[in-house]
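Structure record follows, encoded as structure tokens.
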Amino acid sequence: MRVVQVTVPLLVEATVPPVVLAKLIFELNPNKPVSNQIKWGLISGTVYLLVFWLNNAGEWIAAVVGKGLNYIIQYPINMLSFILTTVGLFLLTLYAGYFSRKSIHRPDFSLGKIDLKKAGLIITALGMYLTFIFLLWLYFGTVGGWGVWYAWYLGHGYLDLWGLTLPFIGLCLIFTASTQNKDADKINKKRYTLTNKQVNFVLYLTQALGMIFYIIFSVAYDFPIPSTHILIAEPVYRNSLMVSGTLYFILILLTLGLSVIAYIKE
């Protein structure tokens, strides 16, 4: 079990990302073709998702092996978290790989030809996963008792939880793509339904709530340093995180909904 939980994730994490990122850094040179920079940026993002999935899925599988199948069968919340982590993240990783490969192999591959909306959806989906899993813990606690998964996600996995802010970037990319394609859509007889002010207001509001959520989250983790004690279970922090986190997540969903209806046929 240690192979799935530790050996494979750490082996991949210690070898693949450094090589890919080193290549990306090498390509980030004014004298290098921009297409190469974009290519290795896409590859780096996909590799990061793969490592993220290996780490989290490995911990959840180890938790189930240690606690038994009843740990997810008898507790729907754990089952939901397990499926989102082992299956959901895997599918997102596969889609990111497909998206990157398809983008890179376009004959006219360039920054302007990348589908920013799809890129934004991938980034936003990862941030939503992290936020949703954390909200599950805030509302329901350590369902079924403390285990490897909760120790990982709330403790050792803390360094990855900066990803709670990923929708800040993803949502902007989605609407940037919509704005860029506005003129092209007129040819297809579509009408833009949201003004820039409305879009900016929704995005700023989402980011503001997300920032409040992340600040409270960071204080709860970082304020006790150098102690290893964290404050997220304290009522004042937990309640604040529940309110701000829930509103943040709802606004992400609302913003995604607005992006879907941003264009309608006349």
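Total residues in the range 102-112 satisfying the condition of being closer than 17 Å to Val34 by Cα and part of a helix (DSSP H, G or I): the figure is 4.
Could you tell me whether the range 144-160 includes any residue that is touching a Gly at 6+ places or on another chain (Cβ under 7 Å) and modelled with pLDDT of 70 or more? Spell out the reasoning first.
Start the filter on the range 144-160 by keeping residues that are touching a Gly at 6+ places or on another chain (Cβ under 7 Å), which leaves 147-148.
Adding the requirement that they be modelled with pLDDT of 70 or more leaves 147-148.
The answer is yes, given that some residue of the range 144-160 is touching a Gly at 6+ places or on another chain (Cβ under 7 Å) and modelled with pLDDT of 70 or more.
Take the range 218-233 and flag every residue that is assigned to a loop (DSSP other than H, G, I, E, B) and hydrophobic (A, V, I, L, M, F, W, C). Let's see the steps before the verdict.
Going residue by residue through the range 218-233, those that are assigned to a loop (DSSP other than H, G, I, E, B) are 223-233.
If the condition is that a residue be assigned to a loop (DSSP other than H, G, I, E, B) and hydrophobic (A, V, I, L, M, F, W, C), then Phe223, Ile225, Ile230, Leu231, Ile232, Ala233 are the ones that fit.
Evaluating Val236 against the criteria (1) under 18 Å from Tyr139 (Cβ atoms); (2) surrounded by 12 or more Cβ atoms within 10 Å (Cβ to Cβ) leaves one unmet condition, (2). May I ask you to verify whether Tyr129 is part of a helix (DSSP H, G or I), modelled with pLDDT of 90 or more, crowded, with 18+ Cβ neighbours inside 10 Å and hydroxyl-bearing (Ser, Thr, Tyr)? Judged against the criteria, Tyr129 is a match. Filtered by the rule that a residue be surrounded by 14 or more Cβ atoms within 10 Å (Cβ to Cβ) and at positive phi, the range 142-151 gives a lone residue, Gly144. All of Thr176, Thr246 fail the test of being modelled with pLDDT of 95 or more, surrounded by fewer than 18 Cβ atoms within 10 Å (Cβ to Cβ) and assigned to a helix (DSSP H, G or I), apart from Thr246.
Regarding Tyr75, is this residue modelled with pLDDT of 90 or more, closer than 20 Å to Ala119 by Cβ, hydroxyl-bearing (Ser, Thr, Tyr) and surrounded by fewer than 18 Cβ atoms within 10 Å (Cβ to Cβ)? So Tyr75 fails the test.
When restricted to residues that are surrounded by 14 or more Cβ atoms within 10 Å (Cβ to Cβ) and acidic (Asp, Glu), the range 78-118 contains 1.
Considering Thr142, Thr131, the condition of being free of Cβ contacts under 8 Å to residues at least 12 places away in the same chain, in contact with a Phe, Trp or Tyr (Cβ under 6 Å, 6 or more places away or on another chain) and of a type in the set (Ser, Thr, Tyr) is satisfied by Thr142 alone.
For Leu50, are the conditions met, namely being within 30 Å of Tyr150 (Cα to Cα) and either surrounded by 15 or more Cβ atoms within 10 Å (Cβ to Cβ) or among the basic types (Lys, Arg) (or both)?
Working: within 30 Å of Tyr150 (Cα to Cα): yes; either surrounded by 15 or more Cβ atoms within 10 Å (Cβ to Cβ) or among the basic types (Lys, Arg) (or both): yes.
Against the criterion (within 30 Å of Tyr150 (Cα to Cα) and either surrounded by 15 or more Cβ atoms within 10 Å (Cβ to Cβ) or among the basic types (Lys, Arg) (or both)), Leu50 qualifies.
The values are calculated or read from the model by the stated rules, or taken from the named source; none is laboratory data. Owing to the predicted nature of the structure, the values given are computational and were not obtained by experimental measurement. All Cβ positions, glycine included, derive from the backbone under ideal geometry; neighbour counts span all protein chains shown.
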